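First the structure, in the form of structure tokens, and then the observations on it.
The values are calculated or read from the model by the stated rules, or taken from the named source; none is laboratory data. Bear in mind the structure is a predicted one, so any value in this text is a computation, not a measurement. Positions of Cβ are backbone-derived with ideal geometry, glycine not excepted, and every protein chain shown enters the neighbour counts. Please note that ligands, DNA and RNA were not included when accessible areas were found on the heavy atoms of the full protein model with its side chains. Shrake-Rupley method; radii C 1.70, N 1.55, O 1.52, S 1.80 Å.
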Amino acid sequence: MQWIEIKVTFSGKDERQAAEWIGELFEDLGTTGVVVDDPSLEPAEGWGDDAIGPPERSAVTGYFQDDERLQSRCRRLESALADLRRKQDLEYAIDYRKIDEQDWAESWKAFFYPEMITPNLVVKPTWREYTPLPHQQVIEIDPGMAFGTSTHPTTALCVGLLEKYICKGDAVLDVGTGSGILLIAAEKSGASRMAGVDMDPTAVAIARTNLHLNRIAAERFTLACGHLVDMVAGRFDLVVANILADIIIELLDQVPSRLKPEGLFICSGIIQAYRDKVVRKMEACGFQVLEVLERSDWVAIVGRLKP
């Protein structure tokens, strides 16, 4: 099977927001994930010494199968991008490249290296070698092509907050679990019971593989495929969600019913423009905001459910 790689290189007033919009266009057309090039991101301390440098221009890349749907998908993408340019003062260029499935399945691995996301936790792709320092724990990730190695700033923010707020023995729910990295970080931070949910069955399968890779016993976690918390039963000490701000706002209506009294909610994936909107929604849903962190224009928020 062959695939078409579609790279949208762009410039505009708010390139972070533009990357989200373009990513959503790809997802609406059926991609399972996108690659985002962000020239403004600085590699965190601990990034592999031989890793590639930052990209020169902002871009979002998605992949479509080269089948009978391809022409229709490309036309719809081009039309949506033209509409976005008119509304948002965005300039862009589209590049198409045909690639074999085997090339696609292997070439993306070259971009990922072990990375220290907190002083105590290192994320290591399974195909790389890394010798941890005595105080470090290693999270093994085999993410599949859809999720990358989960070292985006929003992930690092969430992991740092999990380390800070989890108490030994806590039960943790991850909404939009993706590769499962936050569940693994929660377990390494002291959680005893983990649950994850994602709308994408591929994500659920990848998360299960990664939890097993990190030697987390099957009886200690549950994974479900579904919308937000619809498929989740029980209450948790902490709920974490690293997803888009609009989805977090929708999720907040349901989070209190899944938390124990005075439970914690950690959320990220929020750009600065949406920070105050999410804070207001949290407060309206009965949360006391404990902490707001920012990194590279991304925001993470911690709230405690009021008694």
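Brief remarks on what is shown
- Using alpha-carbon coordinates, inclination of helix 15-28 to the longest axis of the chain, degrees: 80
- Using the Karplus relation 6.51 cos²θ - 1.76 cosθ + 1.60 with θ = phi - 60°, the per-residue 3J(HN,Hα) values for region 246-263 come to 4, 6, 4, 4, 5, 4, 4, 5, 9, 4, x, 6, 10, 10, 6, x, 6, x Hz, with x marking Gly and Pro.
- Using Cβ point charges alone (K and R +1, D and E -1), the dipole size of the chain about the Cα centre works out to roughly 960 debye.
- Mean accessible surface per residue for the chain, computed with a 1.4 Å probe while every protein chain stays in place, in Å²: 48
- Annotation: aspartates and glutamates with alpha-carbon distance below 13 angstrom to Lys124 (same-chain offsets under eight excluded): Glu115, Glu140, Asp142.
- Farthest toward the positive end of the dipole of the chain, out of Thr154, Val8, His227, is the Cα of His227, where the dipole comes from beta carbon charges about the Cα centre.
- Helix axis angle, 201-213 relative to the chain longest principal axis, alpha carbon, degrees: 60
- Farthest toward positive dipole pole in the chain [+1 Lys/Arg, -1 Asp/Glu at C-beta], among Ile94, Gly23, Cys285: Cys285
- Computed over protein heavy atoms with a 1.4 angstrom probe, the accessible surface ordering of Glu115, Glu187, Glu24, Glu56, largest first, is Glu56, Glu24, Glu187, Glu115.
- Straight-line reach from Lys98: taking Cα to Cα under 14 Å and skipping same-chain neighbours fewer than 8 places apart, the aspartates and glutamates in range are Glu5, Asp66, Asp67.
- Summarising the amide proton neighbourhood of Glu291: residues at separation of 5 or more, or on other chains, whose placed amide H is nearer than 5 Å comprise Val302.
- For the chain, the Stokes-Einstein estimate of translational diffusion at 25 °C and a viscosity of 0.890 mPa s comes to 122 µm²/s, using the Kirkwood hydrodynamic radius over alpha-carbon pairs.
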